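Everything on this sheet refers to the single structure shown next.
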Amino acid sequence: MTNTLRIPTKIRPGSRTAICASGFAFSVTMMGTTLPTPLYPIYADQLSFTTLTVTALFAVYAVGVVTTLLLFGRLSDRIGRKPVLLSAVALAAVSAVLFLLPPSLPLLIAARVISGIAAGLMSGAGTAAVIDLFAPERRSVAGTVAVAVNTGGLALGTLLSGILADLSTAALTVPYLVHLVLSLGAFVGLALSTRSVPRTTKAGGWFQRPHVPASIGAAFLRAVLAAGSGFAVTGVLTAVSGLLLAGYLHVHSHAAAGGVVFLAFSGMAAGQLLARRLAPTRAQIVGCAGMVIAAALIVVALTASSLPALLAAAVIVGVSGGMCLLAGLAMTVEQTAVEQRGAVSSAYFAGLYTMLAVPAIGVGALARATNLLTSGLVFAGLVAILSAAVGIGELIVGRGGRAATKSVA
């Protein structure tokens, strides 16, 4: 019988309100990280940004995420989940305030870094907190909920911002005002509806790097590379979709730019539903195959100036990335003891956000040396090769494990 990801019938008594509050705070915090996505063309026009500047501005938030995860990866294990969650939402509100000030490159960088720190705190502690709220036998759905509120926030942020930018005469103000109000509401909700849970480890020190137990080391690496491939594509779409639509497809709608990224992150939610029906290993293999197809569609979109191909690529990479993301959680975070869960969760997301940032900067740098079309084609080829390699590796490992089981029997 395969190890499938099952749907639960109940959760721990009295935790529904806490799940709602934690999930809402998680989503609102992540919304802040994609809110600027449809607005990058406006910033580029007003402040004369190059493609490299735009991609670097996008990626600098991931630097904040990864640095936070590396330095404070076990903080929620050390002091409890609630203080870390409250700190993350507060920083999201601070980031919104900075975005409301007259824009300049240094100010935008500061706002993005703070947004990244908030996302870093929330990614590790929020995932662990949601999983904590479910009974041990329901960890598979806990992982689904954690990923859903994470990717849901990312999707809603870019769509909301794009729509508000098109409908409002203050495109660089209204989205951040709405996010500020939501952040304050999330902070109050967390403060009133979640209990302070005692720390799960007595390990000393505040600056504790994430740790991955040796028993899941190989699975962890494959999980990061598989889901990270999806993050890489989504990151590049987030950074340059507005520039790509305006410059090559002649689409100037902010909602359309946000919609491309919305499709990718929404696809991740759909990917989770599919992954729940499969064993984690099989879900990861299927996800990797899907990302190869998405990379091919990106090539078609760029060479044929095809908007439908780009939209299809966004959906497929989202679904495929969501499958790999949930499978990765099932094979890593959900397999660790509660006192290590925050550390492993932080390590997992540190790897994913590294793969989110580095390719985006690479695409920007190559676009400056050549053009956005060339850099996009090179990037798509690399994603296809990496995804295929990870999928084949997972298939080999899975067959090896089955063969070993048969020989023992």
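The values are calculated or read from the model by the stated rules, or taken from the named source; none is laboratory data. Just so you know, these numbers come straight off a predicted model, no measurement behind them. For neighbour counting, all protein chains shown are included, and Cβ atoms are generated from backbone atoms with ideal geometry for every residue, glycine included.
Rundown of residues vs (1) of a type in the set (Gly, Ala, Ser); (2) modelled with pLDDT under 85, yes/no style:
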residue: ALA327; (1), (2): yes, no
residue: GLU339; (1), (2): no, yes
residue: VAL358; (1), (2): no, no
residue: ALA380; (1), (2): yes, no
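Of all residues in the range 146-176, those being assigned to a helix (DSSP H, G or I), aliphatic (A, V, I, L, M), farther than 26 Å from LEU326 by Cβ and touching a Leu at 6+ places or on another chain (Cβ under 7 Å) number 2. The one condition from (1) under 23 Å from LEU47 (Cβ atoms); (2) part of a helix (DSSP H, G or I) that PRO102 does not meet is (2).
Only residues that are under 30 Å from ALA165 (Cβ atoms), touching a residue at least 24 places away in the same chain (Cβ under 8 Å) and more than 20 Å from the chain's Cα centre (by Cα) were counted in the range 253-297, giving 4. Is there a residue being of a type outside the set (D, E, K, R), under 17 Å from the mean Cα position of the chain (by Cα), within 23 Å of SER161 (Cβ to Cβ) and modelled with pLDDT of 85 or more anywhere in the range 241-250? Scanning the range 241-250, I find no residue that is of a type outside the set (D, E, K, R), under 17 Å from the mean Cα position of the chain (by Cα), within 23 Å of SER161 (Cβ to Cβ) and modelled with pLDDT of 85 or more, so the answer is no. Among the residues of the range 76-105, those that are of a type in the set (Ser, Thr, Tyr) and either buried (at least 24 other Cβ atoms within 10 Å of the Cβ) or touching a residue at least 40 places away in the same chain (Cβ under 8 Å) (or both) comprise SER76, SER95, SER104. Here GLN272 clears all of (1) buried (at least 21 other Cβ atoms within 10 Å of the Cβ); (2) closer than 18 Å to MET323 by Cβ; (3) at pLDDT 85 or above except the condition numbered (3). The set of residues in the range 332-346 being part of a helix (DSSP H, G or I) and surrounded by fewer than 24 Cβ atoms within 10 Å (Cβ to Cβ) consists of GLU334, GLN335, VAL338, GLU339, GLN340. Of the listed requirements (1) out of contact with any Asp or Glu (no Cβ under 6 Å at 6 or more places or on another chain); (2) part of a helix (DSSP H, G or I), GLY143 misses just one: (1). Taken over the range 312-340, the residue count meeting the criterion of being over 19 Å from the mean Cα position of the chain (by Cα) and touching a residue at least 40 places away in the same chain (Cβ under 8 Å) is 5. I need the full set of residues from the range 239-253 which are assigned to a loop (DSSP other than H, G, I, E, B) and either of a type in the set (S, T, N, Q) or in contact with a strand residue (DSSP E or B) (Cβ under 6 Å, 6 or more places away or on another chain) (or both), in order please. Scanning the range 239-253 gives a single hit, SER253.
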